[in-house]
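Below: one structure, written as structure tokens.
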Amino acid sequence: MADSASQVLLGSGLTVLSQPLMYVKVLVQVGYEPLPPTLGRNIFGRQVYQLPGLFAYAKHIVKVDGRVGLFKGLTPRLCSSAIGTVVHSKVLQVPCPPGANKKEHVSSLEQVLKETSREMVARSAATLITHPFHVITLRCMVQFIGRETKYSGTLSAFATIYREEGILGFFAGLIPRLLGDILSLWLCNMLAYLINTYALENGVSMAEMKSYSQAVTGFFASMLTYPFVLVSNLMAVNNCGLAGGLLPYAPSYSSWLDCWSQLHKEGNMSRGNSLFFRKVPAGKRYVWEERRFR
């Protein structure tokens, strides 16, 4: 019980600290660009036109809504973090079937497969239960674009979504989010296993090297599965009555596959993946009236 409480507190602290970062990231994912490109220098020192990065974007939000404005959607996100941590912990505590804990004659690969499968079930359960809070969080953030107040509170947001969209509205964007989480988990763990088993030889600093390999493979797995995160977030706000989920920012997608297809055609599959050294989209021009590229 104490462990769960400490995990919830730690998770809540990290959620509060990362809220401005997520807020800016979501607005960029939707395609909202309130500031025009400026002449700057890339990592190689060459002069190029760049889009505003994290700090310039956050400064604009503060200018419009004050510092408190950087924390829109924090309450439902805190609820999601706390509930998700508890659910994840409880699922992992479920006893294994008799004999499943016996490690005799079990290869390291089989052990990784079993542990990854348990983690997959725990993460999926947490995602499924907390997704309604995730949807509300995203919609609270996207309201910045049209200056709406439709989702002004967590409880009222639940009532609004149920009244307008029914139960399914709480799970908009769930499928790509689940798929992305599962693929990222398996890619991370299997790549780490392969590196630890075949690429690293036994030595003095092997324990440290293996811990680094887990972090590196996690980074690459998250990069590869980012399109699922983008599509999930766009589907969560699509056609919900907010300016950020309607034209000109987004058409009404028939499904998440339709969203994926259109983003792929437009070359926007990595939109919002980086918040620093953001390049101007090739072949597109900035439209000041719409605060976006087209």
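Taking Cα atoms only, the orientation of helix 54-65 departs from the longest principal axis of the chain by about 60 degrees. A protection proxy built from the mean count of other Cβ atoms within 10 Å ranks the segments 52-63, 222-233, most packed first, as 222-233, 52-63. For the chain, the carbon plus sulfur part of the accessible surface works out to 65%, probe radius 1.4 Å.
Rank these by accessible area, largest first, 1.4 Å probe: Phe158, Phe219.
Correct descending sequence by accessible area is Phe219, Phe158.
Loop-only trypsin sites (Lys or Arg not before Pro) in segment 11-57, please: DSSP not H, G, I, E or B, and at most 10 other Cβ atoms within 10 Å.
Taking segment 11-57 and a limit of 10 other Cβ atoms within 10 Å, the loop trypsin sites (Lys or Arg not before Pro) found are Arg46.
The label point for Ser6 and the one for Met190, both projected 7 Å from the Cα toward the Cβ, are 3.4 nm apart. Solvent-accessible area of Leu78, all protein chains in place: 50 Å² (probe radius 1.4 Å, heavy atoms, ligands and nucleic acids excluded). Estimated at the nearest 10 Å², the accessible area of Lys284 is 60 Å² with a 1.4 Å probe. Excluding ligands, DNA and RNA, the accessible surface per residue across the chain is 56 Å² with a 1.4 Å probe. Using a probe of 1.4 Å on the protein chains alone, the accessible area found for Trp256 is around 60 Å². Label sites at Ile175 and Ser254, each approximated as a point 7 angstrom past Cα along Cα to Cβ, lie 1.3 nm apart. Distance from the C-alpha centroid of segment 219-294 to that of segment 143-203: 16 Å, rounded to the whole angstrom.
Return the ratio Rg/(2.2 N^0.38 Å) for the chain, where Rg is computed over Cα atoms only.
1.11
The values are calculated or read from the model by the stated rules, or taken from the named source; none is laboratory data. In this text, all values refer to a predicted model and were calculated from it rather than measured experimentally. Cβ atoms come from the backbone with ideal geometry, glycine included; neighbour counts cover every protein chain shown. For accessibility, only protein heavy atoms count, side chains too; no ligands or nucleic acids. Shrake-Rupley method; radii C 1.70, N 1.55, O 1.52, S 1.80 Å.
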